[in-house]
């Protein structure tokens, strides 16, 4: 067990951050394959929207509720190879999902896929913090852009590789999981070296925790950030899970076309994350956060009244605006928290995001 207080290494490690970003990209690609496949499962197995909601619920339970559990376990008993272990669960879940022919088999498959996500996010976020060299904003942006870009690729690949040929072609994504495990190998070696250094160090006196702000202001600031993230990702989760169904029902597009339009929306979230960091550094984090929330409102109000072309354009604008402030949320939250609490607060923010998506699944 490692008792040492975790601190970033002295110099930013770009090779590890890039590998973490790519791992996040491949993980979120595989996670987004699930929601992109909903229309296929609905047509092939005759599932109702309530059953689709149940699938979403089971997935989000394993992907969110298990996050603090894995976080607590790996806090007490760090495992250098935790990332490949989590990705192995995802790979097994995808293989099962490709051949599942009833609702219960699908539920088991998505549960396994969710476990992989619940391991990667807190652990990869921890390693991102350690490899940041103190440049937390840059490190978090790199990590987050990888996830958003990967999440946008999932629907596109499903449209190209699965929709024309059948659900069994989901098996292709098991090879993507193998590629992710290979990418994680140098990360694990670096993290193992870090853990060995921590074991060699003996900390006899724990440093007192100092907060940059008084406790009441810290709690209020974090509470506001959580509310903003919660409200934002309710809308994001709605589009991600049911946007394809909306397009199919209202505009009579094909399943393949709906997945391509979902890809456009998710690409916008990746672009928004990428440009939101530099813009926030230039004009200020607070302005970017509030513009991200309020700026999406007019586009959202116009979408139900727009034709197909304008719906796609408006959805792109919504994704661009909403995602622009997420790295700012993380970095602003860590600035008002103590060093010891920073990794735990990241986990809380991720749980909030996952819980939003779980609530959407329950509602349906």
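Assorted remarks:
A quick yes/no check of all residues on (1) within 30 Å of residue 166 (Cβ to Cβ); (2) part of a helix (DSSP H, G or I):
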| residue | (1), (2) |
| --- | --- |
| 71 | no, yes |
| 79 | no, no |
| 88 | yes, yes |
| 92 | yes, yes |
| 96 | yes, yes |
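- The selection criterion, being in a helix (DSSP H, G or I), at pLDDT 90 or above and either over 19 Å from residue 124 (Cβ atoms) or in contact with a helix residue (DSSP H, G or I) (Cβ under 8 Å, 6 or more places away or on another chain) (or both), does not hold for residue 34.
- Any hit, region 57-66, residues being surrounded by fewer than 17 Cβ atoms within 10 Å (Cβ to Cβ), modelled with pLDDT of 85 or more and more than 22 Å from residue 160 (Cα to Cα): no
- The residues of region 101-117 that are surrounded by fewer than 20 Cβ atoms within 10 Å (Cβ to Cβ) and either without any contact (Cβ under 8 Å) to a residue 24 or more places away in the chain or within 12 Å of residue 66 (Cα to Cα) (or both), listed by number, are 104, 105, 108, 111.
- Among the residues of region 236-251, those identified as farther than 14 Å from residue 36 by Cα and surrounded by fewer than 17 Cβ atoms within 10 Å (Cβ to Cβ) are 249, 250, 251.
- One residue alone among 130, 161, 138, 171 is touching a residue at least 24 places away in the same chain (Cβ under 8 Å) and closer than 15 Å to residue 33 by Cβ, and that residue is 171.
- For the residues 48, 15, the requirement of being more than 25 Å from residue 161 (Cα to Cα), loosely packed, with under 15 Cβ neighbours inside 10 Å and more than 20 Å from the chain's Cα centre (by Cα) singles out 15.
- Flag for residue 163 being in a loop (DSSP other than H, G, I, E, B) and modelled with pLDDT of 75 or more: yes
- Just one of the listed residues (138, 153, 120) is modelled with pLDDT of 85 or more, part of a helix (DSSP H, G or I) and surrounded by fewer than 24 Cβ atoms within 10 Å (Cβ to Cβ), namely 153.
- Just one residue in the set 254, 311 is crowded, with 19+ Cβ neighbours inside 10 Å and either within 28 Å of residue 57 (Cβ to Cβ) or modelled with pLDDT of 90 or more (or both); that residue is 311.
The values are calculated or read from the model by the stated rules, or taken from the named source; none is laboratory data. In this text the structure is predicted, and so the values were computed from the model without any measurement. Note that we place each Cβ from the backbone using ideal geometry, even for glycine, and neighbour counts take in every protein chain shown.
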